[in-house]
Amino acid sequence: MKIKISKKVLDLELSKVSKPVTSNSVLPSLSGILFEVDTDKIILTGSDGVTTIKSEIFKLDDILEIEKVGSVILPIKYIIEIVKKIDSKNITI
């Protein structure tokens, strides 16, 4: 998986899907955000096992560039902090 995405868009969408996620969950998969990258969009998913929130970001203009498809779960604790601290307009993951 490799993407280049607008920091502003990613920050906004992460804040939406992170609401049910807790960083101290017993199951590691419930303490992160699932990034599913397809050829034309990214689906971000956050869950606590009961409540799940999904958000789709479509490949439009300069908002998103997709180089490789794939999926990964990134720990909520770190991904939100990292995104907020990056000064660049775009982020590559």
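The values are calculated or read from the model by the stated rules, or taken from the named source; none is laboratory data. These numbers come from a predicted model, not from an experiment. Cβ: placed from backbone, ideal geometry, glycine included. Neighbour counts: every protein chain shown. Remember, those area values only see protein heavy atoms, side chains included, never the ligands or the DNA or RNA. Shrake-Rupley method; radii C 1.70, N 1.55, O 1.52, S 1.80 Å.
Within the stretch 16-55, which residues are among the β-branched types (Val, Ile, Thr), surrounded by 18 or more Cβ atoms within 10 Å (Cβ to Cβ), more than 9 Å from the chain's Cα centre (by Cα) and assigned to a strand (DSSP E or B)?
Within the stretch 16-55, just Val37 meets the criteria.
Of the conditions (1) touching a strand residue (DSSP E or B) at 6+ places or on another chain (Cβ under 6 Å); (2) more than 16 Å from Met1 (Cβ to Cβ), Leu44 clears all except one; give me its number.
Against the list (1) touching a strand residue (DSSP E or B) at 6+ places or on another chain (Cβ under 6 Å); (2) more than 16 Å from Met1 (Cβ to Cβ), Leu44 comes up short only on (2).
Going by the conditions given, is Ile73 open to solvent by less than 70 Å² (accessible area, probe 1.4 Å), in a strand (DSSP E or B) and either of a type outside the set (S, T, N, Q) or farther than 15 Å from Ser18 by Cβ (or both)?
Here the answer is no, as Ile73 does not meet what is asked.
Let me confirm something: among Val21, Val69, which residue is closer than 14 Å to Met1 by Cβ and in contact with a strand residue (DSSP E or B) (Cβ under 8 Å, 6 or more places away or on another chain)?
Details: Val21 fails: closer than 14 Å to Met1 by Cβ.
Answer to the selection: Val69.
Run down Ile91, Ile66 and say which single residue is in contact (Cβ under 8 Å) with a residue 24 or more places away in the chain and within 12 Å of the chain's Cα centre (by Cα).
When all the criteria are applied, what remains is Ile91.
From the residues in the stretch 1-15 that are part of a strand (DSSP E or B) and open to solvent by 70 Å² or more (accessible area, probe 1.4 Å), which one is farthest from Ile86 (Cα to Cα)?
The extreme case among them is Lys2.
Return the residues of the stretch 57-70 that are loosely packed, with under 12 Cβ neighbours inside 10 Å and of a type in the set (D, E, K, R); say none if nothing qualifies.
Within the stretch 57-70, Asp61, Asp62, Glu67, Lys68 qualify.
Return a yes/no flag: does the stretch 26-44 have any residue that is free of Cβ contacts under 8 Å to residues at least 24 places away in the same chain, in contact with a Gly (Cβ under 8 Å, 6 or more places away or on another chain) and not β-branched (Val, Ile, Thr).
Yes, the conditions are met somewhere in the stretch 26-44.
Among the residues of the stretch 56-67 satisfying the criterion of being among the aliphatic types (A, V, I, L, M) and assigned to a loop (DSSP other than H, G, I, E, B), which is modelled with the lowest pLDDT?
Filtering the stretch 56-67 for residues that are among the aliphatic types (A, V, I, L, M) and assigned to a loop (DSSP other than H, G, I, E, B), the one modelled with the lowest pLDDT comes out as Leu60.
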